Amino acid sequence: MNTYKLGDFVRLVEEDAEGYITAILSDELIGVTEKDGFEIPVLAAKVTLVHGKMDTEEDRKEVISQIPQAEFKPEGLYLAITGDQKQGLVDFFLLNESSYQLLVSMNTLKAEQVKGEFVGQVAHQNAEKIYTANASTIGNWPSFNFQVIFFSNNLLDIKKPLMVNKKIRPVDLSTAKKEVAVLGKKAWLFRLDEAETKLDTDKLQEHFFSHRPKKK
């Protein structure tokens, strides 16, 4: 009986190949997916576990650990733009300052049609480059459509997926940049998960009637 589990990184004993276990087919048979994305059935006795696979920087980003409840930060999603308008290209980053792991899809939106530009994960307290644009054509930049799913293994209230469109105008880049520690450089920051301000109709009505001129 094998002791492997889903997600283990293994190397095939009789072949020059390795991959992740993506299926437990039986006590003797497992499914291994190689870099090409194809899953192949392999006898469990014909693979060996690769220890230390999680030592690379990219793999450390994928480790999902539980965060102490008191330290959990539920918000903090930003679009960060780096570069200089006078020097050609600017880079777009998705900055995650929340404690959630994010699954993100980013599309450019033109004439009610979308084009996929980025899909992937953004670890908490991390940033991922998602787009590059020519600074001189800012007036013709598309709108950016973000679709975000939030994940945490903490015990929390349900957080609904986020869908938001963002249009960057020339005036938006006229403000000063802010230092972003994760990027190691300054960037223009645009909050994406800001809660919408709800209109208090009762207070609005009270204000309206209190300021109406009294009839003589």
Among the residues that make up segment 136-151, is at least one of them over 15 Å from the mean Cα position of the chain (by Cα) and touching a residue at least 40 places away in the same chain (Cβ under 8 Å)?
yes
For residues that are part of a strand (DSSP E or B) and among the charged types (D, E, K, R), scanning just segment 71-130, find the one that is surrounded by the fewest Cβ atoms within 10 Å (Cβ to Cβ).
LYS115
Could you list, in sequence order, the residues of segment 136-150 that are over 20 Å from GLY120 (Cβ atoms) and assigned to a strand (DSSP E or B)?
SER143
Scanning segment 152-192 for residues that are basic (Lys, Arg) and over 19 Å from the mean Cα position of the chain (by Cα) gives ARG169, LYS177, LYS178, LYS185, LYS186
Filter result (at pLDDT 85 or above and over 17 Å from GLY7 (Cβ atoms)) within segment 30-48:
PRO41, LEU43, ALA45, LYS46
Filtered residues of segment 27-49 (kept if part of a loop (DSSP other than H, G, I, E, B) and on the phi < 0 side of the Ramachandran plot):
ASP27, GLU28, GLU34, LYS35, ASP36, PHE38
Scan segment 87-102 and tell me whether some residue there is on the phi > 0 side of the Ramachandran plot and in contact with a Ser or Thr (Cβ under 9 Å, 6 or more places away or on another chain).
yes
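The values are calculated or read from the model by the stated rules, or taken from the named source; none is laboratory data. All values reported here derive from a predicted model rather than from experimental measurement. Methodologically, a virtual Cβ is constructed for each residue, glycine included, from the backbone with ideal geometry; neighbour enumeration extends over all protein chains shown.
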